[in-house]
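Enquirer: Structure provided below as structure tokens; questions to follow.
The values are calculated or read from the model by the stated rules, or taken from the named source; none is laboratory data. Here the structure is a predicted model, which means the values were calculated and not measured. FYI the Cβ positions are ideal-geometry reconstructions off the backbone, even for glycines, and counts take in every protein chain you see.
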Amino acid sequence: MPSFLDFEKPIAELQGRIDELRETAADSTVDIDAEIGRLQAKSDKLLRDTFGRLTAWQKTQVARHPERPHFKDYVAGLFDEFVLLAGDRAFADDQAILGGFATFRGRRVMVIGHEKGADIASRLRHNFGSAKPEGYRKAIRLIDLASRFGLPVVTLIDTAGAFPGIQAEERGQAEAIARSTEACLAAGVPVVAAIVGEGGSGGAVALAAGNRVLMFEHAVYSVISPEGCASILWRTADKAADAAEAMKVTAQDLKGLGVIDTIVPEPVGGAHRDPAAAITALGDALERALDPLAALSGDVLRRERREKFLSMGRL
């Protein structure tokens, strides 16, 4: 059973009662299956209703849920023959961004993405998915490799943003992000990006400038975190919910604005409640996005990407 978010408290209480009844049923001769079934149906309906009307701030919390699938889960569930490639050939191997050659449903690809980690040790190792310049330079190297071998690029974005520390700035963080964005736009092969959790700021755009941009139903994508925006505009992070609403961070908002192309449905209650189903849904969406791009030339792919991103924001 996944951990519950604050706004899911009524669902958690119902589920707690169901669990108590199940424990009682195991030690009792009284048949309470009907009552358990009634409460379970009520809990399922409450879950559907709650997730059918999430606010932008609630979606932000779902997108950040620590039990959502991560890059390694998608690789294990969707890609065969994955060959991890390490290092930027200049400074270090940043574990916040992983990537390598793989086979996706019979098609050789280059898959690259943010890895946040699943427990304390791995989160520290992967720096919570916040990459330093060497992470983006590794991504550039892998995109260039994909272009050289004629392989489509699939990127999986899940980061609160690029690492903001002084070491990253000293090593050219802004330049590395800009070059990574440029590499996506200049690639002579199909580039399909998927926002699978948080799409935070330039740290996300650096891997998301694709021919097609997919986004999970409860993922978020924004130029700054709601807390950061609220701290600037209202001088307090307590206004994060208002900021999330104003910034239009949800998949539904961004589809309407033309920033993303496809919304990928999640299992009821979010991807963390049924990771296998979420991974399959993403795989199906990736396949549908890649198929029509395979026949296009490098020049056409580059032109379409350029036109796509230049048109954003036009009235």
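Enquirer: Picking from Asp242, Asp291, which residue would you name as being charged (D, E, K, R), within 25 Å of Met110 (Cβ to Cβ) and assigned by TED's automatic domain parsing to the domain that holds Glu198?
Expert: Asp291
Enquirer: Could you please tell me which pairs satisfy a Cβ distance under 6 Å, a separation of 6+ or placement on different chains, a first residue in the range 225-244 that is over 15 Å from Gly199 (Cα atoms), and a second residue that is of a type in the set (S, T, N, Q) and surrounded by 16 or more Cβ atoms within 10 Å (Cβ to Cβ)?
Expert: Matching pairs, first to second residue: Ala237/Ser231.
Enquirer: In addition: Looking only at the range 300-311, count how many residues are touching a residue at least 24 places away in the same chain (Cβ under 8 Å) and surrounded by fewer than 13 Cβ atoms within 10 Å (Cβ to Cβ).
Expert: Result for the range 300-311: 1.
Enquirer: Go through the range 2-18 and report how many residues are small (Gly, Ala, Ser) and touching a residue at least 60 places away in the same chain (Cβ under 8 Å).
Expert: 1
Enquirer: Which residue out of Ile112, Ile166, Ile97, Ile120 is in contact (Cβ under 8 Å) with a residue 40 or more places away in the chain, out of contact with any Ser or Thr (no Cβ under 8 Å at 6 or more places or on another chain) and either on the phi > 0 side of the Ramachandran plot or hydrophobic (A, V, I, L, M, F, W, C) (or both)?
Expert: None of the other options fit; the residue is Ile97.
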